[in-house]
Every structure is written in C-alpha cells, then in structure tokens.
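Remarks on the structure that follows.
Just so it is clear, none of the values below were taken in a lab; they were calculated from the coordinates. Here the structure is a predicted model, which means the values were calculated and not measured. Ideal geometry is used to build each Cβ from the backbone, glycine not excepted, and the neighbour counts take in all protein chains shown.
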Number of protein chains: 2
Amino acid sequence: MKYILVLLLAGLTSNAQVQKEQLNLMPWPQSIVLNEGSFALSKNFKVNITGNPNVRIFGAATRFLRRLDGRTGMFFEQGFITKLNESPTAELQINCEKSGKIALYEDESYHLDIKKNKITINATSDLGALHGLETLLQLLQNNGTSFYFPTTQISDFPRFTWRGLMMDAARHFQPIDVVKRNIDGLAAMKMNVFHWHLVDDQGWRIEMKKHPKLIELASDGLYYTQEEIRNIVKYADERGILIVPEIDVPGHGTAILTAYPEIGSKAITLSGGTTEKNIQGTAITTYTVERNAGIFSPTLDPSNPKTYQLLSGIFDEVCPLFPGAYFHIGGDENEGKDWDANPKIQEFKKKNKLATNHELQTYFTMQLAPMLKKHGKQLMGWEEILTKDLSKDAIVHSWRGPNEGVLPGQSLAEAVKKGYKTVLSNGYYIDLMYPIESHYLNDPMPKGLNLTTEEKARILGGEAPMWTELATPETIDSRIWPRTAAIAERLWSAENITDVADMHRRLETISFRLEELGLTHIRNKDVILRNIANNQEIKSLNEFSNVCEPLKGYTRNKDGTEYKMYSPFTLFADACTPDAKDALAFDNAVNQYLANKSLENKSKVAMFLNKWIAVNNDLKELSNTAPLVRPVLPLAQKLSAASQQLLLVLDNKSTSKSEDLKNLIEECNTKDHADVELAVYNSFKKLI
Amino acid sequence: MKYILVLLLAGLTSNAQVQKEQLNLMPWPQSIVLNEGSFALSKNFKVNITGNPNVRIFGAATRFLRRLDGRTGMFFEQGFITKLNESPTAELQINCEKSGKIALYEDESYHLDIKKNKITINATSDLGALHGLETLLQLLQNNGTSFYFPTTQISDFPRFTWRGLMMDAARHFQPIDVVKRNIDGLAAMKMNVFHWHLVDDQGWRIEMKKHPKLIELASDGLYYTQEEIRNIVKYADERGILIVPEIDVPGHGTAILTAYPEIGSKAITLSGGTTEKNIQGTAITTYTVERNAGIFSPTLDPSNPKTYQLLSGIFDEVCPLFPGAYFHIGGDENEGKDWDANPKIQEFKKKNKLATNHELQTYFTMQLAPMLKKHGKQLMGWEEILTKDLSKDAIVHSWRGPNEGVLPGQSLAEAVKKGYKTVLSNGYYIDLMYPIESHYLNDPMPKGLNLTTEEKARILGGEAPMWTELATPETIDSRIWPRTAAIAERLWSAENITDVADMHRRLETISFRLEELGLTHIRNKDVILRNIANNQEIKSLNEFSNVCEPLKGYTRNKDGTEYKMYSPFTLFADACTPDAKDALAFDNAVNQYLANKSLENKSKVAMFLNKWIAVNNDLKELSNTAPLVRPVLPLAQKLSAASQQLLLVLDNKSTSKSEDLKNLIEECNTKDHADVELAVYNSFKKLI
C-alpha cells in the first residue's frame, strides 16, 4: 500500500511540475511564486558571497553546502567558503547589503530567486541570507534520479521580532552539545532567541570566579564554564541567534541560598539545632539544593542590603558574558511565605510603604534594573514583575493562563496597554505535552481587544518554554521537536497560515530534516525502547508507543516528588510524545468510515484494531524477560479488550451490552498506568 | 519463532539458576565462581564507600546508581554519593585501600562478592573498584518481574597494563561530546588509555595561546580550547583513564607548516610565483591544510634550529595540559622526499654523520626527548622512531604489518629485544573495517619467539587506532564499537579466552548496553538510512545493510582523493559495519543445512534468500523517490539474482549451467558498488 502511494507520487514528480501544496516549507514564507522548470544540482555547484555581510555568512554558507552534500551525496568540489567573491561565476549568489546585528528589530528579510541556471539570495543583512539558505534547503526536490530546486521566487520576512525557545538548564543540566544542536534547530526554523534559564532551586549553572561558592555548593558539578558560555554565545551569533540569560530571583532561590543562606528570607527561632547566628545576631536557616519539582519557599531577602551587594557582584560577572541587550531576572512564583513570616521584612515593607508582597517584589526588581543598565542590559522578567511601579523599560514575559487561575494572555494585554513590551509564552509550554495544534493556533496577537498600532507593536513575539523537571539530555529534543517548528511558523508566518492538516503534512519532512543537525528527537526513542525491552525486538513496543502520549500538564509528576531530579527517565512515558502518530491516522480512518461505511474503510479501521490486539499479546510475551515492560501491560490489555469488542461492533456481531462496551472504552481513558494515556480514546467513542 | 525462544529462556531464568555460560561479561574476568541464589534489587538499594579512595569513586558510584536505575526503573532513594561512610548499612559496600594514580602499572584488581543480602567490592585502589562496578552492572539479571544479581565471587585483574584506544581528531575533528562518550565506553570496557591524535596534515586541534597561528591558519576553527582539554583530562581521570596526547612530527606536518612554513623541508627555486624569501635568503615554500587522505611530503626541517625552538615552545604550552607521564610524538610515515631534495639538509646529514634519513629522524626525535623530559614526560612514537640511537626511555608503538611490507608485530619483538617498552597496534586498526575476529585473536604477546620474562614485561599491551579519514562525529562510534570491546577483552582477560562464538554471543548485550553511555553506534544507523531513503520506510534498506560491509583496508578511498575531509559521509557504506549481522546468521544456517539437509534447515536458508529477493524489489521501488538508494541497486540486484538461482539449487530445480551459476555468485564478490561488499559471498560459494 505504502509503495503504491510512493510510486504514484514518484510518477507525479518525475513527469510533472512540483506543486506549491507539495512543498515542505516551514515556517511558510510570506510570498512564494512557483514557476515551471527547475535548477538541476550538480557536483560543480558553488556558492559566492558579495556585499558587506558579517563574517557569519561564510560559516553559514559552508554549513549549507555540507548539509546539501549530505542529503544528495553530490561530493561538491567547494570546501570552506572564507572570502567575499571567491567564485564569481558560482550558481548560488548571495548578496547582503550590511552586517546584521544580533538584536531585535533587525531586518531579517530575504529574497530568494531560483532560475534555471542561477540562484540568488538578496538580503539587507546576512541574517536574512541565513534564513534564505534554510528556505533553499527546504526546497530541495528529487525526480528519482537527481536532485533539483523548483524555479521559485520567494520574498520573506518575519511577522514578529522575538521568536524564542527557553531551555531550562537548572532542573536537568543540559550539556553544551544539547544546547548547540538545539540552537541549530532554532536557526533552521528561523527562530532568533535562545532564552537560557540558568538558575533555579535545583541548581546554579554558571561558573563564578568571584563567587565560587555558587558552583561549589549549588551545582553538583554540573555547570557551564565562562569560556563555554562565551563559546555558545559565539555559536549562537554565527547562527543569528540572540541569547537571553536568566537568573531567577527573588523566588526559585534555593540554589543561591544554599551558597549564601545569609540573604535568605526565612526567619527561624534560635532554638533549632540547624540554625546559627549571623553577625547581626538574627537567626538564619540553611538550605540544600532542591531535588524535587514544584514551587518552593526559599526566597531572597529584599530588605537585606547584602542581597543587592551579592546580586550586583553576580551581574558584574555574568553580564559581560552575554553581549545581547536583554537580561531575564525571572521573578516568577514568589509565594512570599517566608516574607510574611519574617518580622524584619514586614517592618521593611511598612517603612518603605509597600502595601503588598507584590509591591515589595517590584521594589526588589527595581533595585536590579540599574545594576543591569550599567552593563547595557534591559531587564526582562516573568509577568509577576508587572506592578504599578515597574519601569517602562522592563519587558514583561507573559506566561500564566487557566492553570494559574487567569485568562490566557491576560498579562500580555495588560502589559501592552500599560506601555510595556511583552513576549508571550502562555500557550507555548512544550514541556507540558499538549498537542501541537494547541500551540500552533495560539496567536500572540490577541483578538477582539482593539489594540492600537502602538500597543500591538509592543507585542514582540513569543517563546516556547522547555522546563526540564521531566526532561534529560537524552529526552529533551523529543519534547522540543518537532512541536517548536509549528510555534516557529506561528511567530514568523502570516497570521492566516493556520491550516492544521497542512502543518502536519509539512511537519513530517521538517522533523526528519532536523535530524541532520544532530537533534535526537527521533533516534533516541528506539534507545529507550531497547532498554525497556531488554534488547529484544522493539516492534510491538514501538507500535504501542505510537498510540500513547505522556500525561499532560502537571499530572505526570504528582506533587513534584514522584520524580526527583535524579530519578530514571528511561521509562515508557519518556519514549512517548504528544501527537501520537497512529492515533491521528486512526482518527482519520474512523472519520472516513463513519462518513462512508464501505468495506474498504471498515478494513482500515479493523487493521488498527487487529494490530493493537496483537501488540498486547506481544507485549505480554516480551515482559517475560523485560520487567520494564510490565507497567504498560494493563494499558495494552485495555486497548486490546476495547479493540476486540469494537471489531465485533464493526461486523455487527457484538453481543455485549451497550453499557459494558461503554465501560470498556471508558477504561481506555485511564491515566493510571506507566504515566501515559491512550490517544485513541476519543476515536473509540466515535465508534459506538 | 523469536518469541518461543524468549519464553523458553524466560522459563529457565525464572525457575532455574543462571548459568555461567549465560552471563554477558566482557572482558571476561580472571576468576569467577557462580553460586546458587541471588541478591534481589530494591528501591532501598544503597552504596557505601570506605577506606582511603580517590574522590573519583564518589562520582563513579553515583553514575553506577543512575545507570542501574535507568535499566531497572527502581527509583533509588540515594541521590549523590559525596562522602565516605555515608550509609554504613548499605547493601553495596565498596572498600579501597588507597587512592589510585592515573598511570601504568597501577594495581587495578578488585574482588566482587555478591551474597544474598550484601555485595562487597574490595580493591587496592578506587581504580579497581571502578572496574568492579562495571562488572556488577554487567551481572544484572531479571526473572521477568524483578531484577537481581546472581550470587557470585569474582577476582579480577588485567593481563596488560596498557589497554588503549587512539582517536584521530585531526582528519575529522571530533567534538568534546564524542570524546567524552567514548571515554565512558573505554571505562565500561575496563580500558585505561585514551591516545588523542591531535595533529596531522589535515589540522592542528589544540588552542595555542603563544602560537595562535596554528589555530588561526591550520584548524578551520575546529580545535579544543585548553580549558576543554583540561576538562577532558579531568573527565578521563574520574573514569580511571590516562590521556596520551600526540603531536605527529616530523612527517604529517602540513598543518604545522601551514602556520610555520619557515621550518618546512621543501627546497624550491626562487623563480616560482608562490615563493618568498626568508631572512636567511633561502627559499621556502608555502603550505595549505591538506584535504585529502594519504601520506604527504610536508616534513619539518630537522636541520633548522627554529624547528626545535618552535617545538620546545609548543611542548611548553601543551605538556602542562596533560598530567600523564607519556607524550606521543608520532614519527610515522616520513618518506623523506623533501629531505632528499634539500641540499641544506643533505649537508647537515653529512656534517652530523647521519647515514640515512632514518638516522636523521632519530637525531630529530632525540632533540625532542629532553623537551618532554623537562615536563616529566616520557617520549613515545610510532615504530619508525626505532633506530640504534634511540634512547631506551622511549616507548615504541608497533603498528606496521603486511600492508606496509613487514611481518605482523615484527617491530614489537624487535623493540622488546632491544630493551624498549612497546605497545601493539598492528592488528587492531578498527578504522579498516576488518572483522572483529581478526582483532580478537590478535594477541600482543608473540608466540614462538622465546622471549625472556624481562622482554615479555616490556610488552605493555595494545591499542586500537581509530583513524578518521572516513569517520565523522556521526559515524565514528559505529567504527569503534562494538569491536573495541573484543580488543578490550584481549588486553584484559586471560590469554586462553578465545572462543569467538562466545564472544559474539556476549557482544550482542555488551554493544546494547554501551548505548546507555550516549554512544551512537546503534542509533545513528537509522539516521543515515532515513536520509538515504528520503524519509520513507527504511526496513528493506536496513535489511540490505545487514548483509553489506564497508570496503576493507584502504580500498574505499582510492588514492585518498575520492573522499576529501569535507565529502559527504551520509552514504550507504557509512551505515554499514563490519561483521554484517545477517551474514553471520546466514552462514550458520548454510553450515547447518550442509551438515544435515533437513527440510527445516533448508527452509532456514531459503528464508534468507527469499528475503533478499524481496529486498531488491523494495529497494527498486524506494529509489523512485530517493536517488541516494540508486548506487546500491546493482548490488541488490546481484544478491537477488544469485538468491533466485540458489533457491532453485536448494530445490534441485536449477536448470542453469554450473558455469553460469558460478558466475552469478562471483558477481556477488564485486567491490564496484556503493563502497560496500556483500558479506554472504563465501556462504553462497558453499551452496554450489
């Protein structure tokens, strides 16, 4: 069946013109004209660069050649591109007017013109040309014997200037190679911001030469050296990516306070065995690096001058590592428990006429702004920093939504109306395992609010946060990709590019192509499954994983203590991803069958059901020498039981009571096994 | 069929005692006693450390716990192990008498005693304890529902003190993460030397602060910073691995001479346009980083005092990065062409009474020895350094064999007889794609030579060289592993551990377990195949790859110019490995059939033949939308044609002339397609 389809497509592409609807571009360009004809790729294909670009274009063009060579096996003659106008007669001519700055509001536009014998990329700056090269790579076609680019004109530019990914390197440390390959992924998807969450309750991740206690006591030896950070910044720069570092204060402060308990807010009585006296004679507590997930009380003391001394010193050391203009100071989820319980802090509030903890936090935040300004940095923080006294320079990072008891994007609208620039993350939480569609259709520009042009301009864009309480270096890529590609499209492409089915179609190729950058979102799945299967055949386990999805939202890690930071993440749920592959295909089959109960349509549905019955049997056998398979057995059994009954329903042979059948299907809605859920439950319901 | 087998085994393990022959230990320990009973693993399992070990044991024990947790999903309560005697009642007690040094001749022995309720590892130093932990991990069993260790006593120690892997980071630069994961692999296989080939014609890979030209002009930006090197040295130390750096001189000198042409040996006339005058008025040539593979003429000038000035300065900067006692100066493959052609060098030879270029090279080498000695380093070099004037301190690295026109291990015997210490690499060239058996049976201790005990003691051990002309960061792991595990066993285990079939049996599990260290030798194969298949189903491509092996020896890259360093290594040959999986299985089936032509045995052979006929058809269809499949089609066609005829032969229905059949099978011996060969040719021949 598969091969019949392949042959048909092959017939189309080798004889007829490739159609716009067949292109696998993502993010979809602003304007594209597809003409008849093509540019045939050959071994002699060369690149030439002219204009006044930044040197980053040379590395980018060289990498482009290597990737194209890897896909085509052409053995291009051209090696490293290192100079302007090296090959004046080259087939690919790149011209950039000026050197691009790694900053917001840069002109990232490009024009790509593919003619029969010549390809040109014209861009204001090399940043646009980098995007043009990615588009060109996505345009590669083949006719079965050779490779070509379709004759095309593309004019393209981003809708939003902030198109970001946040990576949490605090909960699970993410080594340099993880960071690098994901930066490559961002560049391939025309994203331009890498927000690096470097500090949280679970660890401090920046080498500190003047404050070595932070890494000695609060990193478990897992941190980036300053040289590594500089190298990453350079690596990102070469790919057109701005790095925004984050040191999360005053909440999420356990790691900092593990090293510097004297600036903590917790007041305790002197009678306890774990306390000690500080110089002022007030009692302080000690802290240890947090191993669980959640919101914790350790918070910096905003009334203590030492807090600001330390932070100022930290910024003096950290800011120079990051040439970008933005510094994220966190500011989220400070519950203020320790502030309420500390008489000294309460007194400070009174003295400074700060009515609420929220106002006290703004006081704290505003002390930080000049420390950052000194280094040319604008302050950014999660939306909790937004109160009446916040300076208008600050950027408000909108993240809360229904889960936090507010309307989605509420703070975004509030911020722009009050005159703040803002970035949207609510709706883009890729760590929470929601379906791609929910992110794809989440537009940063709120509808029905009648924002002025000025207010709209304050919406800089969006950012996908990848928190890592449940993600390790081995699994993080499969949490980020391919869903972040859909978010990239939301932030780059026109507002009306919202065809979910077409996005899914393109995404299959896009996801596959991201592999060439070293991303492990596809390859590491089998590694996990092999471990579970104890090196036996993983076919049935893989098939089962294609209808299972990790529990969504915050339900996988109950109370944040089921999984500690050092727990195993080699389990079935870690191999599964949102948008379970077969679930979508099955739902399509069910819908087709319900629309037309033909024999063929019925057999398509039955094929899935039969497969799942077989999978259950296989898994049972597999588990005999692989205990890690056991946790999934009850769920596989439920899928099989429901499948068996539904097969009878399809054939009108069911003798079960409607109530029993319903119960059987309800059983498939369980979240009790192996931290996954069956993604076919809703399709099953349609069948009865 | 597969599952029936699995069930039978499951029955055995859950009801009966695991047998010694079922254990997947590698390298096989010196002494093992398996008793009845087992130690059952539980969530409460803890580790305790006593004695006077180096701190590396804490990290090692913590990593051990995490790996065991990843395999079992136990959610161990114990997090980071950071102190002596933290959990006195722990089930696993590790005791080390003293702190191990990262050096040769250290006591690496350990005793592992698994009792029903207690496991102890006793070792002289933590280095032995590290090995004990690896053995314990390899002993993990399960009975279908839970995990356990069999009650066992193991006493173990290495046969040779030098058990190394050489990685060439010059031809293809190998990033930090590649180095790290392979160091983990070495540690898991109880190897203890990582020889880092850092300089060659194709690049200089060490950041030089006082000689920045080396990286500016001769690295393409691909090099290790000094901090990265220090971090790798620390990483290796934590895993009990000694790092031996190599700067290859005086031959293989193109990169050095690209930066410092003034110390090159090539004499040219002043009339050429590419020459310039140096201060002395003699003519020098310029060099550019080599992109091809092979032996090249650029060689340092041994008659020029500046050569020694520069090298001394380089050693002053590089030696302190490596605390180990050995420094490899290469010294191989200097053809002396440029020396012969340079009158100044000829004059120098005469003046210093150096009869041959070989003696001149020894003169050169001996100038380097004190530069290294100054930093406490012993000089090591490839066997060409061995001449009459070589100091007895030097270690001779034996590498040449029949391919270089000498007997295998000839220089090894010569060296030890002359009083030199030596390390064997001939027979361990894993880059050359020879079958594992050839490496496994290659013993460093020569037979029939009547060496004295003293002479034998000079044979330090062996080392597997991984040259990277044809290996990238994406493919290198599949060239190193799993074959290096067999070499590890040769170097650690008793001389009489030579059962190839048993090695193959154990290797399947060992190879799989190496995955948990991040090694990509298994997972990256599908990545390459997906690229070739243009993201279509890779099943048939994978099946075909299981009977194909990359061309052996130096035949893949004819003249060293077919592949340049920047050529694509994303081809079918890059997905294939030696010891093609199905070829071995097919050969077994053929042998069984020939011994007993039962219907069952015949059908086993026929199953393979039918599969390959189907594979050929599938590949043809696949190629319609995947041009990279095309190069393998002729070979798949030949395999299919021979398979079809052999099926007829099996059924006595063949009507072909014996000559035609023979020709058809001879066709399967081709090396003309896709840089691979069919690994079933010899088995085919048996069938006619």
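Put simply, the amide H of B:ILE94, placed in the peptide plane, has neighbours under 5 Å in B:ASN48, B:ILE49, B:THR50, B:ILE121, leaving out anything fewer than 5 places away on its chain.
For the protein assembly as shown, the share of DSSP beta bridges that are antiparallel, to the nearest 5, is 40%.
Backbone amide hydrogens, once placed in the peptide plane, bring A:ILE206 within less than 5 Å of A:TYR224, excluding anything fewer than 5 places away on its chain. If you look at the Cα atoms of region A:351-461, you get an Rg and a Dmax of 15.1, 50 Å. Relative contact order for chain B: 11 percent, from Cα pairs under 8 Å spaced at least 6 residues apart, divided by residue count. For A:ASN142, the residues 5 or more places off, or on other chains, whose built amide H falls under 5 Å of its own are A:TYR148.
When each of the peptides B:351-360, A:648-657 is scored by how many other beta carbons lie within 10 Å of its residues on average, the order from highest to lowest is B:351-360, A:648-657.
Placing a label point 7 Å from Cα along the Cα-to-Cβ axis, A:ASN596 is separated from the same position in the other copies by 5.6 nm, shortest listed first. Taking a ≥ b ≥ c as the square roots of the eigenvalues of the Cα gyration tensor, chain B is classed as oblate, since a/c reaches at least 1.5 and a/b does not exceed b/c. With label points defined 7 Å past Cα in the direction of Cβ, position B:LEU441 shows copy-to-copy spacings of 6.6 nm, given to one decimal and shortest first.
Once both labels are positioned 7 Å from their Cα atoms along Cα-to-Cβ, the gap between B:SER656 and A:SER42 label points is 4.0 nm. Each residue of region A:445-459 is assigned a 3J(HN,Hα), and the resulting list reads 8, x, 9, x, 10, 6, 6, 6, 4, 4, 5, 4, 5, 6, 7 Hz, derived from the Karplus form 6.51 cos²θ - 1.76 cosθ + 1.60 (θ = phi - 60°), x at Gly and Pro.
Where both partners of a DSSP beta bridge lie in region B:128-257, what percent of those bridges are antiparallel, to the nearest 5? Close to 25 percent.
Shown for B:GLU537: label points 7 Å from Cα along the beta-carbon vector, and their distances to the equivalent points in the other copies, 1.6 nm in ascending order. Checking the Cα-Cα distances for B:LYS101/B:LYS180; A:LYS525/B:LYS525; A:LYS337/A:LYS418 against a 25 Å cut-off, the pairs over it are A:LYS337/A:LYS418. Cross-link reach is defined here as a Cα-Cα straight distance under 27 Å, omitting same-chain residues fewer than 8 places apart; for A:LYS417 the lysines meeting it are A:LYS353, A:LYS373, A:LYS377, A:LYS388, A:LYS392, A:LYS447, A:LYS456. Neighbour counts of C-beta atoms inside 10 Å place B:VAL527, A:VAL244, A:VAL18 in the sequence A:VAL18, B:VAL527, A:VAL244, starting with the fewest. Between region A:526-575 and region A:584-656, the alpha-carbon centres lie 21 Å apart. Residue-wise HN-Hα couplings along region B:534-545, as the Karplus relation 6.51 cos²θ - 1.76 cosθ + 1.60 with θ = phi - 60° gives them from phi, are 6, 6, 8, 3, 9, 3, 5, 4, 5, 4, 5, 5 Hz; Gly and Pro carry x. Residues A:ARG171, B:ARG490, arranged from fewest to most other Cβ atoms within 10 angstrom of their Cβ, appear as A:ARG171, B:ARG490. For chain A, adding -39500 (n - 2.57) for each run of n ≥ 4 DSSP H residues and dividing by the number of residues yields -11500 deg cm²/dmol at 222 nm.
Taking a point 7 angstrom from the Cα of A:ILE295 along the C-beta vector, which residues in region A:393-429 have backbone N less than 18 Å away? Only A:397-412, A:425-427, A:429 pass the distance filter.
On the basis of the beta-carbon distance and an R0 of 51 Å, A:MET366 and B:ASP499 show a calculated FRET efficiency of 0.10. Just to check, using Stokes-Einstein with a Kirkwood Rh over alpha carbon pairs, what's the diffusion coefficient of the protein assembly as shown at 4 °C and 1.567 mPa s in µm²/s? Once the numbers are plugged in, D ends up at 38 µm²/s.
Each residue of region B:83-100 was assigned a 3J(HN,Hα) from its phi angle through the Karplus expression (A = 6.51, B = -1.76, C = 1.60, θ = phi - 60°), giving 9, 5, 6, 6, 10, x, 9, 4, 5, 9, 10, 10, 10, 10, 6, 8, 7, x Hz with x at Gly and Pro. The ranking of B:ARG505, B:ARG400 by Cβ neighbour count inside 10 Å, starting from the fewest, reads B:ARG505, B:ARG400. How much FRET efficiency would the formula 1/(1 + (r/R0)^6) give for A:GLU404 and A:ALA341, where r is the Cβ-Cβ distance and R0 is 22 Å, rounded to 0.05? That pair, A:GLU404 with A:ALA341, gives E of 0.40.
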